[in-house]
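To start, the structure under review is shown below, and the notes come after it.
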Amino acid sequence: MKPIASKKILLRRLGGLYARMDAAYAEAAARLGLDCSGCATNCCGGFFQHHTYIEWLYLAQGLAELPDDQRARFLAKAAANVEQAKAMTAQGLLPEIMCPLNEDGRCALYGHRLMICRLHGVPNILRSPRGVREFRGCHRARVRVSAGAPEQAMDRTPLYRDLAALEMALLGAKARSLPRVDLTIAEMLNHGPPAL
Ligand code: SF4
């Protein structure tokens, strides 16, 4: 097992990477004239899975820092969310359920939210050896583009690459034996911190 100090350093570096993501997003949104305020759609109600242990650990760290009653409330909401998602999936429905951390339309763990929470919205691209994947952005971003705003996709490749490097630094040789992470925020909370 890696020493705790090493884990702390990696989580601090993830905080720095998140700041870069936020800056890249803000720049792309400003270019597009995209502003989330007053939007009728809340992205936190979409179905999103997350795929890294290090982000899961960072989220768990944020949760652990909350007052006991608030943490208990979120964990109860996460458990209910997971049950509801199972029922919807069994009916062949996409489990689009509001994230248990969203209260009054806002993220209660904003500083600890994950990469997808930070980058969803603006048109962006991801390069890989298999080619370039394009993401068109949210509905409001499409409206902005239709109205003539410049559609210059944000390249999230370097941000993904740096996240992957932090993940590998955290997992080391365990990366080969650990199961792949495919979890919603509710599932992460319901499971508890990853056992690393
Ligand atoms: S973690 Fe926060 S930003 Fe991400 S979906 Fe949940 S409430 Fe929204």
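The values are calculated or read from the model by the stated rules, or taken from the named source; none is laboratory data. Please read all numbers here as calculations on a predicted model, not as lab measurements. Every residue, glycine as well, gets a Cβ built from its backbone with ideal geometry; the counts of neighbours run over all protein chains shown. Ligands, DNA and RNA are excluded from the accessible area calculation, which covers all protein heavy atoms including side chains. Shrake-Rupley method; radii C 1.70, N 1.55, O 1.52, S 1.80 Å.
Taken over region 33-66, the criterion of being closer than 14 Å to residue 118 by Cα, touching a strand residue (DSSP E or B) at 6+ places or on another chain (Cβ under 8 Å) and either open to solvent by less than 60 Å² (accessible area, probe 1.4 Å) or in a helix (DSSP H, G or I) (or both) is satisfied by 42, 44, 50.
Residues that are modelled with pLDDT under 95 and either part of a helix (DSSP H, G or I) or of a type in the set (Lys, Arg) (or both) within region 1-24 comprise 2, 4, 5, 6, 7, 8, listed in sequence order.
Kindly establish whether residue 49 is of a type outside the set (A, V, I, L, M), modelled with pLDDT of 95 or more and more than 29 Å from residue 158 (Cα to Cα). Before you say what the answer is, go through the steps one by one.
Details: of a type outside the set (A, V, I, L, M): yes; modelled with pLDDT of 95 or more: yes; more than 29 Å from residue 158 (Cα to Cα): no.
When the stated conditions are applied, residue 49 does not pass them.
For the residues 100, 194, the requirement of being at pLDDT 95 or above and either among the polar types (S, T, N, Q) or within 13 Å of the ligand (Cβ to nearest atom) (or both) singles out 100. Restricting region 175-196 to residues that are in contact (Cβ under 8 Å) with a residue 60 or more places away in the chain and among the polar types (S, T, N, Q), the residue that is surrounded by the most Cβ atoms within 10 Å (Cβ to Cβ) is 184.
Every condition in (1) under 28 Å from residue 171 (Cβ atoms); (2) open to solvent by less than 40 Å² (accessible area, probe 1.4 Å); (3) not in a helix (DSSP H, G or I) holds for residue 78 except the one numbered (3). The number of residues in region 162-196 being over 25 Å from residue 16 (Cβ atoms) and touching a Lys or Arg at 6+ places or on another chain (Cβ under 9 Å) comes to 1.
Selection of region 104-150 for residues being within 16 Å of the ligand (Cβ to nearest atom), part of a strand (DSSP E or B) and open to solvent by less than 50 Å² (accessible area, probe 1.4 Å) yields only 107. Annotation note: Cβ proximity below 8 Å between a residue of region 27-50 that is among the basic types (Lys, Arg) and a residue that is open to solvent by 60 Å² or more (accessible area, probe 1.4 Å) (sequence gap 6+ or interchain) occurs for 31/150; 31/152.
Take the conditions touching a residue at least 12 places away in the same chain (Cβ under 8 Å) and not aliphatic (A, V, I, L, M) and apply them to residue 95. Does it pass? In short, yes.
Given the condition open to solvent by 70 Å² or more (accessible area, probe 1.4 Å), out of contact with any strand residue (DSSP E or B) (no Cβ under 6 Å at 6 or more places or on another chain) and of a type outside the set (S, T, N, Q), answer yes or no: does some residue in region 95-102 qualify? Yes, region 95-102 contains a residue that is open to solvent by 70 Å² or more (accessible area, probe 1.4 Å), out of contact with any strand residue (DSSP E or B) (no Cβ under 6 Å at 6 or more places or on another chain) and of a type outside the set (S, T, N, Q). Return yes or no: is residue 73 open to solvent by 80 Å² or more (accessible area, probe 1.4 Å) and within 14 Å of the ligand (Cβ to nearest atom)? Here the answer is yes, as residue 73 does meet what is asked.
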